[in-house]
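So the structure is just underneath, and the comments pick up after that.
Read-outs: derived from the displayed coordinates by stated rules, not from any lab. Values in this document were obtained by computation on a predicted structure and should not be read as measured data. With ideal geometry, Cβ positions are generated from the backbone for all residues, glycine too; neighbour counts draw on all protein chains shown.
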């Protein structure tokens with residue numbers, strides 16, 4: 001990819017509004033030391049030294065888009081609790097609009113707390129509600145999307161099966177997107193896997209496809225056949241299949257029959273894969289909004305993922321750093 005094309009993509013995408021709807025969460029990291037056993041029970045005593053809050057889930061996707069240089073519209077749900085307030089405060093710190101965040105008094109804000117001692121992950125504590133949101137909350141989400149729909153060309157549905165992307169909400173969002181000519185990108189999870197029909201781009205990983213279809217792939221050709229069947233079943237335009245350390249495979253269906261190409265991983269070292277999938281879908285959306293085709297967008301997203309997995313914890317990709325890496 002030449003520098004002129006990269007410049008063109010980044011320049012055109014700058015400031016573009018990209019909508020994200022899905023499960024937002026707070027990722028909390030508690031750092032400390034373990035040096036003794038409790039006299040009360042045969043368990044370790046963790047001496048807390050520092051606590052860091054980071055944006056997770058759809059909020060991390062939104063942050064990635066912001067750091068790349070576009071303008072995210074994040075629509076999601078938090079509870080009426082201290083974690084929800086902290087999450088919104090973190091969004092504001094990163095200069096993100098919180099007008100799309102809906103408070104649901106019947107839910108807890110999703111929070112994943114990781115306890116870490118000397119770079120060792122001791123335990124993760126999850127606090128969350130997984131029940132489907134109510135019809136009233138669904139309607140609020142649709143209203144917020146509708147308000148900005150004329151400004152949006154691309155929409156990401158970020159599903160973590162936490163109850164925000166219900167089957168009925170997915171249908172409503174896809175119907176509105178089709179009516180308004182908005183291209184939908186999906187980062188799926190198991191429960192709603194086959195609900196995302198007629199989307200522009202579907203981004204599962206290998207395990208998610210195998211789980212959804214109920215069988216393991218026996219070879220690269222077998223996996224390709226599974227994806228072709230998925231494209232036919234969902235009637236989606238493109239699939240970007242992430243393969244971890246093996247990079248990704250792109251099924252470009254722009255001209256009807258999918259054209260398959262592969263991208264090898266570019267990560268020099270892997271410190272933490274947390275959030276890499278968020279980075280991939282964010283970067284693809286950013287590049288598409290800048291006029292890139294699916295293959296170029298996937299290639300750039302692969303470079304972006306290689307950058308974030310080299311750092312510990314969930315971190316966003318920065319546009320300047322990604323640009324320098326691309327032109328180098």
Review point. How big, in percent, is the set of alpha carbon pairs in segment 123-193 lying more than 16 Å apart?
Key: 52
Point to revise | (1) 31, 24, 21; (2) 25, 23, 21; (3) 34, 22, 17, with the label sought being that of the calculated semi-axes √(5λ) of the Cα gyration tensor in Å | key: (1)
Check your understanding: If contacts are Cα pairs under 8 angstrom and at least 6 residues apart, what is the relative contact order of segment 166-209 in percent?
Key -> 40
Check your understanding: How would you rank 301, 117, 38, 282, going from fewest to most other Cβ atoms within 10 Å of each one's own Cβ?
Key -> 38, 117, 301, 282
Review point. So what's the Cα pair-distance distribution over segment 152-261, bin width 10 Å, in %?
Key: 14, 49, 31, 6, 0
Practice item. Just the number, please: Stokes-Einstein D of segment 32-143 in µm²/s, Kirkwood Rh from C-alpha pairs, 37 °C, 0.692 mPa s. Key: 202
Revision key, fill the gap. extent check for segment 1-96: Cα max minus min per principal axis, descending, whole Å, gives 64, 37, 20
Review point. Can you give me the Cα centroid spacing of segment 176-252 and segment 17-60 in angstrom?
Key: 31
Review point. At what distance in nm do the modelled label points of residue 325 and residue 103 sit from each other, each positioned 7 Å from its Cα along Cα→Cβ?
Key: 3.8
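Find the relative contact order for the chain and round it to a whole percent, using C-alpha pairs within less than 8 Å whose residues are 6+ positions apart. It would help to have the intermediate numbers written out before the result.
Working: 672 pairs, mean separation 59.8, N = 328.
Rounded, it is 18 percent for the chain.
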Exercise for review: Give me 3, 183 ranked fewest to most by other Cβ atoms within 10 Å of their Cβ, as a rough exposure proxy.
Suggested key: 3, 183
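Can you tell me the length gained on complete extension of the stretch residue 86 to residue 146, counting 0.36 nm per residue apart and subtracting the Cα distance? If you can, show how the numbers build up before the last one.
Values: separation 60, 0.36 × 60 = 21.60 nm, distance 2.71 nm.
Here the segment from residue 86 to residue 146 would lengthen by 18.9 nm.
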